[in-house]
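Worksheet for the structure shown next.
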Amino acid sequence: MLYNLVSMYQTICEYLEYLELEKGLAQNTLDAYRRDLENFADVLDVQDINNIGRIQINLYVRNLREKNYAPTSVIRKVASLRGFFKWITSVGIIKQNPAATLEQPKIPQRLPKVISVKEIEEMLHNNLTPEEHVIMELLYSCGLRVSELVNLKTNDIDLSSKYIRCFGKGSKERIIPIGETAKNIIKEYLPQRELVIKQYKINTNKFLISENGKNITRQYVYTFIHNQGKKIHKNISPHTLRHSFATHLLENGADLRVVQELLGHSDVSTTQLYTHISKKRLKEVYFAINKY
């Protein structure tokens, strides 16, 4: 049993290496796949990877539900299994894919949380430091994911041409235009960045550096945005600003395909979710005005 478990873990490592080298997946995504697949391996009751069939997979999925995993977690873990078994079948480790007909669980889509333009402006005028100001501005006016923000490099920003280059999921590159306001806020931040670099004698091309000379982390951004939300009595995250960016664009007449490109969505159906938000808000405004 011990030998077969090691064999299973070794196969998982080979699969993750394939995802990293061939698919270019980000480290956070690879870590999530590793956790999901190792969790599956931990509850296996088979002596050989070839003996893993649909029955074992169904029992595992049932086990997840019995342990009250969130529906989104079950969906992610099932997706991890489907990808893993598809790959080990394609490279000949097993002959038949036991997860080939495994259906992806579905849950009702929840509308992303958004905040108003007025609330965005209120947060942007909360006596922010240049560093905080540029974080807020890039999350909202460019719709960046927090991972894209913290991984920005100085040569990814072209102020003369007014664009930012970032790398999203799967290391997919996209170009995002920046407006005059964002351009000015970046210009205000750059002198502070240079002072910190000189003070701490740092050699880095990372765009965001904290006042104590450290790289800005995802956790720092989450905490900062959460605290800013408290000031307007809202429970928000960096992704709330991204959702608001997309919703406000569509509400002001932006083409759905353009918003898809700006967000870096591979499938337009993901972007279409924001049209439901706009319709919902339109109804709220209408009935607020026409109460009688």
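The values are calculated or read from the model by the stated rules, or taken from the named source; none is laboratory data. Bear in mind that the values here come from a model prediction, so they are computed numbers and not experimental data. Cβ: placed from backbone, ideal geometry, glycine included. Neighbour counts: every protein chain shown. Just so you know, the surface numbers come from the protein's heavy atoms only, side chains and all, with ligands and any DNA or RNA stripped out. Shrake-Rupley method; radii C 1.70, N 1.55, O 1.52, S 1.80 Å.
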(message) Looking at the structure I just gave you, is L2 more than 30 Å from E173 (Cα to Cα) and either open to solvent by 90 Å² or more (accessible area, probe 1.4 Å) or modelled with pLDDT of 90 or more (or both)?
(response) yes
(request) Being modelled with pLDDT of 90 or more and surrounded by fewer than 17 Cβ atoms within 10 Å (Cβ to Cβ) is the filter here, so list the residues in the stretch 5-19 that pass it. (result) C13, E14, E17, Y18
(message) Filter the stretch 20-62 down to the residues that are closer than 22 Å to Q104 by Cα, touching a residue at least 60 places away in the same chain (Cβ under 8 Å) and open to solvent by less than 60 Å² (accessible area, probe 1.4 Å) and list them by number.
(response) L25, T29
(request) Could you tell me whether the stretch 132-150 includes any residue that is more than 21 Å from H243 (Cβ to Cβ), of a type in the set (D, E, K, R) and modelled with pLDDT of 95 or more? (result) no
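Going by what's in this entry, would L282 be described as over 22 Å from E122 (Cβ atoms), among the hydrophobic types (A, V, I, L, M, F, W, C) and at pLDDT below 85?
yes
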(message) Going by what's in this entry, would L81 be described as open to solvent by less than 60 Å² (accessible area, probe 1.4 Å), at pLDDT 90 or above, under 25 Å from L25 (Cβ atoms) and in contact with a Pro (Cβ under 6 Å, 6 or more places away or on another chain)?
(response) no
(request) Select from the stretch 146-161 the residues that are out of contact with any helix residue (DSSP H, G or I) (no Cβ under 6 Å at 6 or more places or on another chain) and open to solvent by 20 Å² or more (accessible area, probe 1.4 Å) and list them in ascending order. (result) S147, N151, K153, T154, N155, I157, D158, S160, S161
(request) Using the structure shown, decide if G143 is within 20 Å of T270 (Cα to Cα), open to solvent by less than 80 Å² (accessible area, probe 1.4 Å) and either outside any helix (DSSP H, G or I) or not small (G, A, S) (or both). (result) yes
(request) Scan the stretch 251-261 residue by residue and report those that are part of a helix (DSSP H, G or I) and either modelled with pLDDT under 85 or surrounded by fewer than 20 Cβ atoms within 10 Å (Cβ to Cβ) (or both). (result) E251, L256, R257, V258, Q260, E261
(request) Please give the number of the condition T89 fails out of (1) crowded, with 18+ Cβ neighbours inside 10 Å; (2) out of contact with any helix residue (DSSP H, G or I) (no Cβ under 7 Å at 6 or more places or on another chain). (result) (1)
(message) When you check I178 against the structure, is it under 29 Å from T29 (Cβ atoms) and not small (G, A, S), yes or no?
(response) yes
(request) Answer yes or no: is there a residue in the stretch 185-193 that is part of a helix (DSSP H, G or I), exposed (fewer than 14 other Cβ atoms within 10 Å of the Cβ) and hydroxyl-bearing (S, T, Y). (result) no
(message) Taking the conditions exactly as written (without any contact (Cβ under 8 Å) to a residue 24 or more places away in the chain, among the acidic types (D, E) and closer than 25 Å to A246 by Cβ), does E121 satisfy them or not?
(response) yes
(request) Quick one: count up the residues across the stretch 211-248 that are open to solvent by 40 Å² or more (accessible area, probe 1.4 Å) and touching a Gly at 6+ places or on another chain (Cβ under 8 Å). (result) 1
(message) Just to be sure before I move on: is R165 open to solvent by less than 90 Å² (accessible area, probe 1.4 Å) and touching a residue at least 60 places away in the same chain (Cβ under 8 Å) in the structure I sent?
(response) no
